Structures are given as structure tokens and as C-alpha cells.
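Report on the structure given below.
The values are calculated or read from the model by the stated rules, or taken from the named source; none is laboratory data. Because the structure is a prediction, the values reported are computed rather than measured. A quick note on method: Cβ atoms are made from the backbone with ideal geometry, for glycine too, and the neighbour counts reach across all protein chains shown.
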Amino acid sequence: MTGRRRPDGRPRPPAERIWSRDVVLATAVSTCVAFVFFLLTVVMALYAMEQLGASDGVAGAAAGLFVVGALLARPVAGPLVGHLGTRPVLLGGLVLFLLAGLAYLVVDDIGPLLAVRLLHGMGMGAAHTAATTTVMTALPASRRAEGTGYFSAGSNVGAALGPLVALTVGRTAGFEAVFWLSAAVSALALVLALPLRGPGRVPVAAGWTARRVIEPRVVPIASPMLLAGAAFAGVLTYLAAYADERDLAGAASLFFLVHAGAAVASRPLAGRLHDARGENVVMYPAFVSMAVGSALLAVATTPTTLLLAAVFFGLGMGTLQSSAQAVAVSLVEPGRVGVATSTFFLLLDLGTGLAPLALGLVVAGLGYGPLYLLLAGLLLLAGVQYHLLHGRRAGRPQRAVVGATPPLPTVPITLSVTVEPGGPHG
């Protein structure tokens, strides 16, 4: 009983509940969306090359346009959540997500495929923004970071299972079976979203200004995520080719499973530490952990080293995304949570979606090992950026949000991947 009492002997109040119906359903929806995203990403470039005769560059665009679509949708979805509430935006995004997923079954040329990929990404961007906002406004402020960690873990489950299922089904049953599976999971996400209530419409200021689509208060905490997303993209995009070069293809097939497991494992403890002692106690170690993982990748010559790199990278990325997201929404009032969420993921997606274009030049000039050393330095630079923009002014944890509401790939969500028959090239 002593553990339930304060130091002065008074009993502690009971912990506020995290798992409301909306949180459970929105987490399930987000997990389905992340699964579909990773399921399709690891096979899309290979499908474009083998079935539609696309070049390597166009096939890479087919993989990456999904992220571009999400980038285009997020700045619009945030204000729409304020105007309409989360439920209409979530359902509309999921309907588009499902229809675009079904369109893969009838596309027979690279041009229409590129259009479908763009629309599919827009559906994900809208749905993910609305689902995340639903969760953030439902979580109790005193357990915001912990709850965000549980919610974000759904994206890690999708990241772990999606590539494994895609490669297994693709090799045994073909691309069409992968597309049918993605459509079925998309339909499941839509069904799960139907009972969601979510926060209703929140009055917002009239006029279409930059502040309607970008939340300036979130930019300092989200800016380091752009660099972290770029580093994550370097792993997604080139890990398989790098592993083939070093004869580590078998270990590479387990990399993202180990990475996701480490990320999921990190989030409950990191969330509790964040809530109890403030964000700095978890954010600084997270940047260092990711940098260590990238450095280990650069020198990996054995499966053990490669998978150890996955552990460090997963621990860091899992902690970083959920904690930074919790900080972002704690900075705004209820009517701005949707815009804050879209701003946060806009910067994360920018790093993840656009970095492969520049990183390809690094690989061509220096090779894979130097690339990962460079990314380790980039992650340490992101830690310095965090300190200058936010960390040095961060105080003890806040027990209430400005305006009194709480906080996603999610991942998310992310990437631009090319694939060889042996595995994903992300």
C-alpha cells in the first residue's frame, strides 16, 4: 500500500484511464493503415518494374508518391478537423484509402499507377491526421506521453508485419493477392472507424491563412523530426542493398521486425518517464540511441551487429516520435490540435519522403557505409537542434494542456522504397 501513497502519507489519486473506446478504435484504425502502407511500399517498386516495365527511377517514384500524397493532404486535413470534427475527415480519408487500394487491381499502366499512389497517400494523410487528433483529444493530460506511446506502437506493429507479410504473400501468391489483402485491411479500418465519436467541430477563425494549415508553436519541436525522418529514410531506402553488399541479406529480413519490437518495448517506460520528469529525460538519449544504431550499421559485418543496430535505432525512433508528438499537442489549445498534429507529421514526412533524393547522391559518391556514418552525425545534429529550439527551455512536465486536452506513424509514416526479389529496398 505504501506505493500508493505520497511521501507525506496521503493516498495518491487513482491514475486516469487511457483506454477509452475512441482511443482503442483509433489505435486499431491507425494500425491497419500503417500495415497497408508498409505492405504495399515494399512491393510497389518491384511491381512497377516487373509488371508495368517501369525504369528504376520511375519505380522509385511509384513508391515515393504515396508520401507526397500524404504531405499534400495533411495541411488541409488539420483545418478540416477543426471545421467538421474528426469523424467526417477520418471516414472520408478511409473511403479514399479503400477506393485507391482497390484501384491497384485494375491499373495496367505506369501513369495511372502514379496517380493512384498519390491519391492513396492523400487518403492516408487525412485519415491518419484525424485518427491521431481523436486520440490526442481523448487522452488524460497526466498520462499523455504514455498514451501517445501506446497509440504510436500500432504503427510499429504495422511496420513489423507489413513487410514480412508482403514478401511472403508476394512470393507465394503474387502481386494481386497483396493488393486484395491491402483492400481487405483497408475495409477493416473503415468498419472499425464507424463507431468512433471523436471530438466534434471546434470553431476556428475565418480566412485561409498560413496559420490555418501550419501551427508555428509546433515547428521548434517538429523541426528535429525532419532530420530524424531523413535518417530513418536512409535505413528504409538502402538497407536491403547494403545488406546484399555485405552478405547479410538474411539478417536484413529481420531488421525491421527487431526495430519495431524495440520501438514498441521502449514506449511505455519512456512515456512514463516523460510524464513524470519531462521530455528532456527521454529525448536526448533517443537522439544518441539512433546515432549509435546508424554508426553500428556503418560498420556491420555480422548479423549480430546488424540486429544490434536495429535495437538501438528502434529504441531511439520509438521514443523520439511519441515523446515529440506529445510535446507538440501540449503546446496548443483544443481547436488547434488537428493543425498541430498535421504540422508535426508534415515535417516528419518531409524528411522521410524527400531525403532519398539527396541520399542517393551520397551513396553514388561514397557508398553505403559512409552514408550511415553521415546519418549518425545528422542525428547528433538533430539533438543539438532540439536543444537549441526546445530542450534548453523545457521544464518539468505539465499536468494540463493549454486549453485542457491531450495528444501517432505513425510512422509513419514514411518512405520511398525500391525492392529486389530478395527483400525491400526502402
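The condition (being part of a helix (DSSP H, G or I) and either of a type in the set (D, E, K, R) or crowded, with 24+ Cβ neighbours inside 10 Å (or both)) is satisfied by just one residue among ALA126, ALA177, ALA187, ALA115: ALA126.
Restricting attention to region 1-41, the residues being at pLDDT below 75 and either among the hydrophobic types (A, V, I, L, M, F, W, C) or under 20 Å from LEU167 (Cβ atoms) (or both) number 2. Sort out which residues of region 49-67 are buried (at least 17 other Cβ atoms within 10 Å of the Cβ) and at pLDDT 85 or above, and write them in order of number. Listed by number, the residues that qualify are LEU52, PHE66. Residues in region 234-250 that are aliphatic (A, V, I, L, M) and part of a helix (DSSP H, G or I): VAL235, LEU236, LEU239, ALA240, ALA241, ALA243, ALA249.
So that you can scan it fast, the table gives a plain yes or no per residue for (1) modelled with pLDDT of 90 or more; (2) surrounded by fewer than 24 Cβ atoms within 10 Å (Cβ to Cβ):
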{"site": "GLY229", "(1), (2)": "no, no"}
{"site": "ALA243", "(1), (2)": "no, no"}
{"site": "ALA249", "(1), (2)": "no, yes"}
{"site": "LEU257", "(1), (2)": "no, yes"}
{"site": "PRO268", "(1), (2)": "no, yes"}
{"site": "ARG277", "(1), (2)": "no, yes"}
{"site": "ALA286", "(1), (2)": "yes, no"}
{"site": "THR304", "(1), (2)": "yes, yes"}
{"site": "VAL329", "(1), (2)": "no, no"}
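Of the residues ALA77, ALA62, which single one is of a type in the set (A, V, I, L, M, F, W, C), outside any loop (DSSP other than H, G, I, E, B) and touching a Ser or Thr at 6+ places or on another chain (Cβ under 6 Å)? Explain how you work it out, then say what you get.
Details: ALA62 fails: touching a Ser or Thr at 6+ places or on another chain (Cβ under 6 Å).
Being of a type in the set (A, V, I, L, M, F, W, C), outside any loop (DSSP other than H, G, I, E, B) and touching a Ser or Thr at 6+ places or on another chain (Cβ under 6 Å) holds for just one of ALA77, ALA62, which is ALA77.
All but one of (1) out of contact with any strand residue (DSSP E or B) (no Cβ under 8 Å at 6 or more places or on another chain); (2) surrounded by 19 or more Cβ atoms within 10 Å (Cβ to Cβ); (3) at pLDDT below 80 hold for SER182, so report the exception by its number. Result: SER182 passes all but (3).
Within region 195-215, the set of residues being within 24 Å of SER20 (Cβ to Cβ) and either of a type in the set (Gly, Ala, Ser) or at pLDDT 95 or above (or both) comprises GLY198, GLY200.
Let me confirm something: among ALA355, ALA364, ALA326, which residue is part of a helix (DSSP H, G or I) and farther than 22 Å from GLY64 by Cα?
Result of the check over ALA355, ALA364, ALA326: ALA326.
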